[in-house]
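Chemist: Submitted below is the structure of interest, expressed as structure tokens.
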Amino acid sequence: HIQGAHKSSIRMGLVYNDKVVAVLSCIIRENGDIEITRYVTRIGCVVRGGFSKLLSHIPVSSENKRIITFSDNMVSDGGLYAANGFTVDRLLPPDYMIVRNGCERFHKFLYRKERFRTDPELEYRDGLTEAELDALNGLDRVWDAGKVRWVRSLCD
């Protein structure tokens, strides 16, 4: 997936000619929300109706009130979600990820101040901000264009 791997408790796929052509993964949040964490299709493959087919097979219980997901403004306008009954819930501002060695991307939470303090492979200096520690260690911050949070109610 363009955004990297993600742990999930629900994973489903579509197979065509013995090849996986689409995958949808989800987690169930503590409040009962089901969050779609990834939807991806095989490179070069158009899977018409793939998302809606997988969406219809998400195991839903009476404890689940809604499905949430996010679109990244750098790669999607969220049209897939709008076409499947989701509505915009919130616009999230631009955020950054850490890039190491010019190509390895990491979530910013992996490079908090505490890690600089405790990881012997990283240099730490008292009084520096996380941004300054990133720069000191040759880590770049790459900003996105924001995200959109989409919600589909299950209580209709």
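The values are calculated or read from the model by the stated rules, or taken from the named source; none is laboratory data. Keep in mind it's a predicted model, so treat the numbers as computed, not measured. Virtual Cβ from ideal backbone geometry, glycine too; neighbours counted across all protein chains shown. Protein only, heavy atoms only, side chains kept; ligands, DNA and RNA dropped before computing areas. Shrake-Rupley method; radii C 1.70, N 1.55, O 1.52, S 1.80 Å.
Chemist: Using the Karplus curve 6.51 cos²θ - 1.76 cosθ + 1.60 with θ = phi - 60°, work out ³J(HN,Hα) for each residue of the stretch 98-104 in order, rounded to whole Hz, and write x for Gly and Pro.
Modeler: Result, rounded to whole Hz: 9, 10, 10, 6, x, 8, 7.
Chemist: I need the phi-derived Karplus couplings for the stretch 30-40: 6.51 cos²θ - 1.76 cosθ + 1.60, θ = phi - 60°, integer Hz, Gly and Pro marked x.
Modeler: With coefficients 6.51, -1.76 and 1.60, one gets 4, 7, x, 5, 9, 10, 6, 9, 8, 9, 9 Hz.
Chemist: Tell me, what is the per residue accessible area of the chain in Å², probe radius 1.4 Å? Walk me through the intermediate numbers first.
Modeler: On the way: 10180 Å² over 156 residues.
With all protein chains present, the chain gives 65 Å² per residue.
Chemist: May I ask for the percentage of alpha-carbon pairs in the stretch 1-85 that lie more than 21 Å from each other? It would help to have the intermediate numbers written out before the result.
Modeler: Values: 1021 of 3570 pairs.
Looking at the stretch 1-85, the distances longer than 21 Å represent 29 percent of pairs.
Chemist: Okay, moving on. For a quick check: with amide H placed at 1.01 Å from N, whose amide H comes under 5 Å from Asp89's, ignoring anything fewer than 5 positions away on the same chain?
Modeler: Residues meeting the amide H criterion: Arg149, Trp150, Val151.
Chemist: 222 nm [θ] for the chain, helices only, -39500 (n - 2.57) per DSSP H run of 4+, per residue, to 500?
Modeler: So the helix-based figure for the chain works out to -3000 deg cm²/dmol.
Chemist: Sorted by accessible area with a 1.4 angstrom probe, largest first, how do Asp72, Asp77 fall?
Modeler: Correct descending sequence by accessible area is Asp77, Asp72.
Chemist: Now for a different question. Putting +1 on Lys and Arg Cβ atoms and -1 on Asp and Glu Cβ atoms, find which of Ser8, Val60, Gly44 reaches farthest to the positive end of the dipole of the stretch 1-61.
Modeler: Checked the options; the winner is Gly44.
Chemist: May I ask you to order 119-126, 147-154, 60-67 by the average number of other C-beta atoms within 10 Å around their residues, highest value first?
Modeler: 147-154, 60-67, 119-126
Chemist: Quote the accessible area belonging to Thr37 in square angstrom, nearest 10, computed with a 1.4 Å probe and with ligands, DNA and RNA left uncounted.
Modeler: It works out to around 20 Å².
Chemist: Now for a different question. Report, please, the projected area of the chain averaged over directions, based on the convex hull of its C-alpha atoms, in nm².
Modeler: Details: hull surface 47.1 nm².
The Cα convex hull of the chain, projected and averaged over all directions, gives 11.8 nm².
Chemist: Below 8 Å, C-alpha to C-alpha, sequence gap of six or more: please give me the relative contact order for the chain in percent.
Modeler: Normalised by residue count, the contact order of the chain is 24 percent.
Chemist: Also, quick follow-up: Per residue, what volume in Å³ does the Cα convex hull of the stretch 116-156 take up?
Modeler: 147 Å³
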